[in-house]
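Here's the structure we're looking at; comments come further down.
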Amino acid sequence: ILCDKGVWDSLASCDVERDYVMLYQVGFNKGTFDLARGMAKARGIKLVVATMNPRDRRKVRGCDLLLPTVEQWLGLIKGAESIVTDSFHACVFSTLFNRPFLVNLKARKQMSSRITDFLEMTSIEGREISGGDIGMALKQLDEEIDWVKTSERLAKKRLESQAWLSSALGE
């Protein structure tokens, strides 16, 4: 978050060409997978599952499964029509790249407070998956996000954090 979006833009690399919903889960959750697959199907686009666990191949069918590098992972988020995740970092990068996303807070209860804090800080609450209803999830996903306001809030927090770091380091 301390880095400007341009740093991440320069690293992002992805060769997935057509529209897609990206699913990234730190811990595989079948309900979240089924929801993301249903959302992609309802939109008539493909589902791309990015994972760091090669064993997830046995759990997912009917979609593209990728074991991306960091650069590819960033590119997948940057290029996605939308993202479904349980990951703090995927929420952050979805926000930095202005990509609509939904997050399953129940899947990773121990990490949900930092995700909730981030959503509040950026004024994009209401991105939490509230169940397995595909229509409801699509409606939630289509709720407009004021990316200008969100970017302004992040820029302000970035400046505050940089000032704090400079002070703490005695600069």
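Ranked by accessible surface with a 1.4 Å probe, highest first, in what order do 121, 39 come? Provide the component values of the computation, followed by the final result.
Details: 121 55, 39 0 Å².
Per-residue accessible area, sorted high to low, gives 121, 39.
Can you list residues whose amide H is under 5 Å from residue 20's amide H, if they're 5+ apart or on another chain and H is modeled 1.01 Å from N?
Amide H neighbours of residue 20: 81, 82.
Starting from the amide H of residue 49, placed 1.01 Å from N in the peptide plane, find each other amide H under 5 Å away whose residue is 5 or more places distant or on another chain.
23, 64, 65, 66
Going by amide H atoms built from the backbone, whose H comes under 5 Å of the H on residue 102, apart from near neighbours?
Here the answer is 83, 84, 85, since their amide H atoms fall under 5 Å of that of residue 102.
Over 32 Å between Cα atoms, which of 30/149; 30/139; 41/78 qualify? Don't skip to the end; give the middle numbers.
Numbers: 30/149 34 Å; 30/139 21 Å; 41/78 21 Å.
Long pairs (Cα-Cα over 32 Å): 30/149.
On the accessible surface of the range 1-153, probed at 1.4 Å, how many percent belong to carbon and sulfur atoms?
Here carbon and sulfur together make up 50 percent of the probe-accessible area.
With axes computed from alpha carbons, what is the tilt in degrees of helix 147-168 against the longest principal axis of the chain, rounded to the nearest 10 within 0 to 90?
Relative to the chain, helix 147-168 is tipped by roughly 50 degrees.
Can you list the HN-Hα couplings for the range 12-25, worked out from phi with the Karplus curve (6.51, -1.76, 1.60; θ = phi - 60°), rounded to whole Hz and with x for Gly and Pro?
Result, rounded to whole Hz: 5, 8, 8, 10, 7, 9, 9, 4, 7, 9, 9, 10, 10, 10.
Mind checking the per residue accessible area of the range 1-47 for me, 1.4 Å probe, whole number of Å²? Walk me through the intermediate numbers first.
Working: 2510 Å² over 47 residues.
Ligands and nucleic acids excluded, the result is 53 Å² per residue.
Regarding the chain, what are the three Cα extents along the principal axes, ordered largest first, in Å?
Extents along the principal axes: 54, 30, 29 Å.
What does the extension gain come out to for residue 125 and residue 144, with contour length at 0.36 nm per residue minus their alpha carbon separation? Numbers along the way, then the final one.
Working: separation 19, 0.36 × 19 = 6.84 nm, distance 1.16 nm.
The residue 125-residue 144 span can extend by a further 5.7 nm.
Ranked highest first by the average count of other Cβ atoms within 10 Å around their residues, in what order do 76-82, 4-10, 26-32, 92-98 fall? Don't skip to the end; give the middle numbers.
On the way: 76-82: 23.0, 4-10: 12.3, 26-32: 15.6, 92-98: 21.3.
Going from most to least packed, we get 76-82, 92-98, 26-32, 4-10.
Take peptides 11-19, 161-169 and line them up by average Cβ neighbours within 10 Å, highest first, as a rough protection proxy.
Working: 11-19: 14.1, 161-169: 9.8.
So the order, starting with the most tightly packed, is 11-19, 161-169.
At 7 Å along Cα-to-Cβ for each site, give me the label-to-label distance between residue 166 and residue 116 in nm.
For the pair residue 166/residue 116, the computed spacing is 3.4 nm.
Mind checking the per residue accessible area of the range 63-134 for me, 1.4 Å probe, whole number of Å²?
On the way: 2880 Å² over 72 residues.
Per-residue value: 40 Å².
The values are calculated or read from the model by the stated rules, or taken from the named source; none is laboratory data. From a predicted model like this one, the values you see are computed outputs, not experimental measurements. Methodologically, a virtual Cβ is constructed for each residue, glycine included, from the backbone with ideal geometry; neighbour enumeration extends over all protein chains shown. Areas reflect the complete protein model, heavy atoms only, side chains present, ligands, DNA and RNA absent. Shrake-Rupley method; radii C 1.70, N 1.55, O 1.52, S 1.80 Å.
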